[in-house]
Amino acid sequence: MNLAELAENPVVAGRRIVPGEGQRERPALALVGEAPGGEEERLGRPFVGKAGKNLDGFLAALELQREAIWITNVVKVRPTKVSPKGTVSNRPPNREEKALFTPLLLEELREVAPALLVTLGNTALQALLGPEAVIGAYHGRMSPCDALGIQVFALYHPASIIYNRALQSVYEEDLRKLRELLRDSAPAGAGQGLCDRSGAAARSPLKTP
């Protein structure tokens, strides 16, 4: 499916498509989130605004550069709801949105071919491992994604920490495990292991018309 066909799908309903971006050719790591928010929709880029601040913390903890990894979301349009007062806010992706975009995510990740997948929250985790996978059981460890033949390291979504401060230490410990995993993968003489792959940054490999 190309971008023109996707834009015409009734599930998308005229919303702006926010593609993935970053190191497109076999990056060390691909980070998969849930869906874009308001600032991401406005700019047409994933993980900017509040999500970008969360990403900055993630990258700093792992000693990575944004341009060195692939960054994307399961759902490529902003899911919204409208309050009785007319206020527009984010909501979790619904079943139709996930059903439309999950096969496209798998196609995208097959083409990008990262060495490792890191998911944020349940939506991203379940898109790769199936609906039975829940973050409470899978966080902080490696699990195989059979559809892609790539290992998945699951993290809690940073936003969940805002509502449950007890998860802060869990999230930090999981990041420590991931950092050690990346360092332990380093070949002799390399500085960052899985983080050392190089190449030009690019936008999403979803086909354009």
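Considering only alpha-carbon pairs that sit under 8 angstrom and 6 or more positions apart, the relative contact order computed for the chain is 29 percent. Ordering L62, G38, L116 by Cα displacement along the dipole of the range 35-119 toward the positive end leaves G38 in first place; charges were set at the Cβ atoms of Lys, Arg (+1) and Asp, Glu (-1). About the centre of its Cα atoms, the range 49-118 shows a dipole size close to 540 debye [charges on the beta carbon of Lys, Arg (+1) and Asp, Glu (-1) only; nearest 20 debye]. Only Lys, Arg, Asp and Glu carry charge here, each on its Cβ (+1 for the first two, -1 for the last two); on that basis the chain has a dipole of about 560 debye about its Cα centre.
Mind pulling up the Rg/Rh value for the chain? Radius of gyration and Kirkwood radius, both on Cα. Taking Rg over the Kirkwood Rh, I get 0.95.
Adding -39500 (n - 2.57) for every DSSP H run of four residues or longer, then dividing by how many residues the chain holds, sets the calculated 222 nm ellipticity at -11000 deg cm²/dmol. For the pair the range 1-69 / the range 102-157, the C-alpha centres are spaced 15 Å from each other. Computing FRET efficiency as 1/(1 + (r/R0)^6) for E173 and E107, where r is the C-beta to C-beta distance and R0 is 25 Å, gives about 0.15. Each Lys and Arg adds +1 at its Cβ and each Asp and Glu adds -1 at its Cβ; summed about the Cα centre, the range 1-77 shows a dipole of about 100 debye. Semi-axes of the equivalent ellipsoid for the range 1-110, computed as √(5λ) from the eigenvalues of its C-alpha gyration tensor and ordered from largest down, come to 24, 18, 11 Å.
Read-outs throughout are calculated quantities, based only on the coordinates presented, and are distinct from any laboratory measurement. The model shown is predicted, which means the values in this text are computed figures rather than measured ones. Every residue, glycine among them, receives a Cβ derived from its backbone with ideal geometry; neighbour counts consider all protein chains shown.
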